[in-house]
Amino acid sequence: MAGVTDPYLREQLEKRRRELKTALSLTPTDERAATAVSFVDLLHKVDQAVERMDEGTYGICENCQGTLEKERLIADPLVQLCLDCLSVEEQRALERDLELASRIQRGLLPQTDLRFRDWRIHYRYKPAGVVSGDYCDLIVPSASDGKLIFLLGDVAGKGVAASLLMTHLHAMFRSLASLGLELDKLLEMANRLFCESTIAGQYATLICGGIGRDGELEIVSAGHNPALLVSKDGVKQIGATGLPLGLFTTSRYTVSRARLDLNESLLLYTDGISEANGVSGSEYGISALSVAAGKRYGWTPQELVAGCLSDVEQHCAGARQADDQTLMAIQRSAAAAASFND
Ligand SMILES: [Zn+2]
């Protein structure tokens, strides 16, 4: 079985080698004896990994000769045993790490029910595994006349590597949102930063929207599944206005605008919902989701999300959830408007 020779991993190993050498040269002499041993040992391991890469045996489990999990190599390029070959204690330690990662990730999520002026927002976040590659955030403005920003995205891939990029998106948008940029500029800047900091071939689709006054909504979509606007006249799709984040540094985005009347909702979802498979392998699909949402026009965001999810579950009929699922409903609520105007 051929070894892994991903240029990114080689670059990571070489970067670690440089950092270790610098750390070693900066260690004060009196501390050097103890620290230097572990640094030199690590340097040796990095050198051996580069050698294995040159020989074409990097990324192969030294016990069973199977292929190492790429996301584990991304997290730690010195890994030499596949998951199946770890000892029970090592597997337990890994599980504890994952549980901690999951807690950290959940801690980054916004509150599941949010009221903002005459709007009500609710979402459900369902990872397929312990951690998720779905990204979901609601950024409430600090100024009273500011816009609320909602974000829903999906990092390509699953598991730990995707969840790391999800936390990266979270930190990036939280910082950029405070600049008060127009949404198209916000996404252009986020895309550039994401391109410069991610591994080649890693990308994310994302919808970023702003809620303004009098039912006004702005939406920018970086290659994400169409948002569904649920009105009494039916369900309308709002499609992508640019390419996924992380593909080209020069990507441009345009803003779509919509105005929601009272009781109308915008439904956002990740492809774990639209591509959910039933036992027979049939895909749920965006049209099925549109029908499920259309039947629930005027329902509260909680009811809309729960109703659509139960429709998806019915379609899947007990099949294992294969991908992370997130569903968010943003409603201009007549009930909220009444209390907001009081
Ligand atoms: Zn193995």
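Which residue, of A258, A292, is of a type in the set (G, A, S) and touching a helix residue (DSSP H, G or I) at 6+ places or on another chain (Cβ under 9 Å)? Answer to the selection: A292. Going residue by residue through the stretch 1-16, is there one that turns out to be small (G, A, S), in contact with a strand residue (DSSP E or B) (Cβ under 8 Å, 6 or more places away or on another chain) and modelled with pLDDT under 90? The answer is yes, given that some residue of the stretch 1-16 is small (G, A, S), in contact with a strand residue (DSSP E or B) (Cβ under 8 Å, 6 or more places away or on another chain) and modelled with pLDDT under 90. Is there a residue being of a type in the set (S, T, Y), modelled with pLDDT of 90 or more and either within 20 Å of the chain's Cα centre (by Cα) or under 19 Å from L169 (Cβ atoms) (or both) anywhere in the stretch 101-108? For the stretch 101-108, residues of a type in the set (S, T, Y), modelled with pLDDT of 90 or more and either within 20 Å of the chain's Cα centre (by Cα) or under 19 Å from L169 (Cβ atoms) (or both): absent. Within the stretch 96-121, the residues that satisfy the criterion of being free of Cβ contacts under 8 Å to residues at least 60 places away in the same chain and either closer than 13 Å to L152 by Cα or not in a helix (DSSP H, G or I) (or both) are L109, P110, Q111, T112, L114.
Would you please name the residue that is surrounded by the fewest Cβ atoms within 10 Å (Cβ to Cβ), looking only at residues in the stretch 321-342 that are more than 12 Å from G272 (Cβ to Cβ) and not hydrophobic (A, V, I, L, M, F, W, C)?
So the residue we want is D342.
Quick one: which residue in R174, R124 is of a type in the set (K, R), assigned to a strand (DSSP E or B) and closer than 24 Å to P226 by Cα? After ruling out the rest, the residue left standing is R124. Of all residues in the stretch 37-95, those satisfying the criterion of being away from the ligand (no atom under 13 Å from the Cβ), surrounded by fewer than 15 Cβ atoms within 10 Å (Cβ to Cβ) and part of a loop (DSSP other than H, G, I, E, B) are G56, D76, L78.
Matching residues to (1) aliphatic (A, V, I, L, M); (2) modelled with pLDDT of 95 or more; (3) assigned to a loop (DSSP other than H, G, I, E, B):
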| position | (1), (2), (3) |
| --- | --- |
| S287 | no, yes, no |
| S290 | no, yes, no |
| A293 | yes, yes, no |
| A306 | yes, yes, no |
| D311 | no, yes, no |
| Q321 | no, no, yes |
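Table: residues versus (1) loosely packed, with under 14 Cβ neighbours inside 10 Å; (2) touching a residue at least 24 places away in the same chain (Cβ under 8 Å).
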| position | (1), (2) |
| --- | --- |
| G242 | no, yes |
| G246 | no, yes |
| T250 | yes, no |
| Y253 | no, yes |
| R259 | yes, yes |
| E275 | no, yes |
| G278 | no, yes |
| E283 | yes, no |
| G318 | yes, yes |
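Among the residues of the stretch 180-193, those that are at pLDDT 90 or above and not acidic (D, E) comprise L181, L183, K185, L186, L187, M189, A190, N191, R192, L193. Residues that are modelled with pLDDT under 85 and not in a helix (DSSP H, G or I) occur at least once in the stretch 23-34. Of all the numbered requirements in (1) within 16 Å of the ligand (Cβ to nearest atom); (2) within 30 Å of P226 (Cα to Cα); (3) over 25 Å from the mean Cα position of the chain (by Cα), R117 misses one, and that requirement is (1).
The values are calculated or read from the model by the stated rules, or taken from the named source; none is laboratory data. Bear in mind that the values here come from a model prediction, so they are computed numbers and not experimental data. Cβ coordinates were reconstructed from backbone atoms using ideal geometry, including for glycine residues, and neighbour counts include every protein chain displayed.
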